[in-house]
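Asks: One structure is given below, represented as structure tokens, and several questions about it will come after.
The values are calculated or read from the model by the stated rules, or taken from the named source; none is laboratory data. Fair warning: this is a prediction, and the values are worked out from it, not measured in the lab. Note that each Cβ is placed from the backbone with ideal geometry, even for glycine, and that neighbours are counted across all protein chains shown.
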Amino acid sequence: MSPRPQRRGRPSIKVAIVALALGIVTLLLMLDMDYDIFPFFDLGLDEPFHFLFMTLSILFFVWFSLRLMGYLFEMAAAPTVGSYGYVRSTWKIVSYSIWAVVLVMLLFYGTGGFNTAILSLGLIGAALTFVLQKPLLNLLGWIFITYNRMYTIGDRVSIGEVKGYVTDIMAMNTSMFEMGGWMSGETFTGRVALVPNGMIFDMPVYNYTRDTPYVWDEVANMVTYESDIDRAKKHMLDAANEVVGEFMRKNHESYIRHVELHDLDDLILEKPSIRMKLEDSGVTLYVVYWAPVETRRKTRSEITELIWRKFSQDPSVEIAYPHMELVKKG
């Protein structure tokens, strides 16, 4: 089973507590400037600091509220929805939208009017576009990822040369439990990869689980021309049916329902199937099937082992391998 992205629960609460403490401190400093609630403590600050403390206190309290609400929302909704990834992705969109509204309101209040705020936004935008090209590209990437639902938390994706299980989608980068790397197949390496969101504009993005949690795979074996090809085909089909045959039959209708486009419904296999290819030194047989994405390598390994055992017990089937035969004449 895929690991669930739950590791951020307690750190979120700790960060929320820190934000609350900072918000209280800045609020008290602002009130002290208005009402002198600490007569024995005078920093001698002027009016600009009043707006600064008010802004900081609002930001810290919003930060605290969103962290706490996000934690509670995930704990309450995830068991009902059945997906921590979907719940966390939804809350990310909500929280970023709230942040955008709060920041725009603070800008309007601080600049003193609509026209001034628009002018300030234009100047700030021009400066940021020139200075922060990469971060803005990452932010634009996050918008594309979120709006187009290229992937969500909990999906297995490949971005460029990085492949993994998405645990978080932040404004600047995507966090993934890495798969592959120095490990064969798609085994988790234990590393956490942070991929800049801007990479989606330059690199291909593969989502293994966007429509369904299933992926297609095949096991190939080459047998000699002298082998009983029909027996070899039967052994490979029997091996695949023993491992995934029942699973494919039970989930065939579910697979079709979850596919986004139904033009290729008739091509979705209900049971494993055989393909053939003639080679120089033998016949290559492929057994094609689909399986849960998280058990793809395990399924492939089990089918391969069963095929090898069946071939080993049948003298009419011989696995082809590179070798040289010397024929002596006379």
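Asks: Taking the range 292-304 only, how many residues are of a type in the set (A, V, I, L, M, F, W, C) and modelled with pLDDT of 95 or more?
Replies: Residues flagged as of a type in the set (A, V, I, L, M, F, W, C) and modelled with pLDDT of 95 or more within the range 292-304 amount to 1.
Asks: Another one. Restricting attention to the range 180-219, report how many residues are assigned to a loop (DSSP other than H, G, I, E, B), touching a Phe, Trp or Tyr at 6+ places or on another chain (Cβ under 9 Å) and polar (S, T, N, Q).
Replies: The qualifying residues number 2.
Asks: For residue 225, state whether it is touching a strand residue (DSSP E or B) at 6+ places or on another chain (Cβ under 7 Å), among the hydroxyl-bearing types (Ser, Thr, Tyr) and surrounded by fewer than 17 Cβ atoms within 10 Å (Cβ to Cβ).
Replies: So residue 225 fits the description; yes.
Asks: For residue 185, state whether it is over 29 Å from residue 94 (Cβ atoms) and not acidic (Asp, Glu).
Replies: yes
Asks: Mind listing just one residue for me: the one in the range 288-330 that is in contact (Cβ under 8 Å) with a residue 40 or more places away in the chain and of a type in the set (S, T, N, Q) and, of those, farthest from residue 183 (Cα to Cα)?
Replies: The extreme case among them is 316.
Asks: A further question follows. Which numbered condition trips up residue 199, out of (1) buried (at least 16 other Cβ atoms within 10 Å of the Cβ); (2) at pLDDT 90 or above; (3) more than 16 Å from residue 163 (Cα to Cα)?
Replies: (3) is the only condition that residue 199 fails.
Asks: Right, next: For the range 305-326, indicate whether the set of residues that are surrounded by fewer than 17 Cβ atoms within 10 Å (Cβ to Cβ), under 34 Å from the mean Cα position of the chain (by Cα) and either assigned to a loop (DSSP other than H, G, I, E, B) or modelled with pLDDT of 90 or more (or both) is non-empty.
Replies: yes
Asks: Can you give me the number of residues within the range 279-298 that are polar (S, T, N, Q) and under 14 Å from residue 220 (Cα atoms)?
Replies: 1
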